[in-house]
1. Going by how many other beta carbons lie within 10 Å of each one, how would you line up 40, 150, 137, 129, fewest first?
2. Given R₀ = 51 Å, FRET efficiency for residue 183-residue 25 by Cβ-Cβ distance, to 0.05?
3. How far apart, in nm, are two points set 7 Å out from the Cα along the Cα-to-Cβ line at residue 120 and at residue 176?
4. Would you please state the base-10 log of I(q)/I(0) at q = 0.18 1/Å for segment 1-103, with intensities from the Debye formula using one equal scatterer on every alpha carbon?
5. Using the Kirkwood radius built from alpha carbon pairs, what does the Stokes-Einstein equation give as D for segment 108-195 at 10 °C and 1.306 mPa s, in µm² per second?
6. What distance in nm separates the two pseudo spin-label positions at residue 207 and residue 144, each 7 Å out from Cα along the beta-carbon direction?
7. Using the number of other C-beta atoms within 10 angstrom as an exposure proxy, rank 12, 125 with the fewest first.
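Just so you know, all these numbers are worked out from the coordinates, no wet-lab data involved. Every value quoted in this text rests on a predicted model; they were computed, and no experiment measured them. Note that each Cβ is placed from the backbone with ideal geometry, even for glycine, and that neighbours are counted across all protein chains shown.
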């Protein structure tokens with residue numbers, strides 16, 4: 001038997017947006033109860049705290065026992081209901097309205113039940129990628145047979161292997177409502193790097209060569225300026241050295257000339 005929660009429900013007058021807004025401002029949620037054996041839908045107001053706690057711990061397939069308060073008819077006291085639809089605010093994601101389906105102990109109902117995967121796939125250890133197509137499954141069950149969740153062993157899955165809805169082992173007293181061929185979980189091969197077309201490779205190589213040529217040209221320009229400066233400096237240094245050497249040679253020649261003149265003078269005497 002699934003977990004049951006008892007919740008108090010109060011009457012709600014009308015369906016206008018203004019009334020629903022006032023209910024939410026009071027921290028409550030507008031709701032409606034309907035069922036195949038009920039000719040008139042019951043408009044209700046409920047406290048969301050117990051609803052949220054139930055959904056958090058048991059999922060949306062949890063059962064509720066309704067406890068009428070105020071002017072609500074006591075005829076459906078103890079009525080068993082299932083959440084059929086949850087409306088949420090698109091921005092805050094808070095629940096803004098609930099639909100409850102009244103259940104019969106003798107009539108099967110379609111419910112969505114959570115799947116719990118057990119084991120580590122062989123293919124995952126071999127480098128595969130686990131892909132979960134869905135973690136829920138639809139079944140038919142009597143209220144007393146609705147499971148909170150259904151376990152699915154995936155330890156034998158190799159790369160390329162998978163399980164479909166028809167492979168899920170259902171609890172006794174339940175039937176599959178899901179499309180049997182729907183994939184539930186599979187192990188995919190690791191993504192291989194795609195080989196690029198030859199044209200694309202050639203275009204990339206040409207672009208790389210062009211970029212390299214541009215870089216070389218830029219480097220040549222940058223190196224030309226220092227070369228010019230080096231040439232100027234070299235010329236200056238060369239001129240200095242040349243002047244020094246010239247002065248030395250001139251001094252030597254002058255000394256030789258003076259010596260010769262001195263020798264001639266001595267010979268005349």
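1. 40, 129, 150, 137
2. The computed FRET efficiency comes out at 0.70.
3. 2.9
4. Scattering profile of segment 1-103, log10 relative to I(0): -0.85.
5. 115
6. 7.1
7. 125, 12
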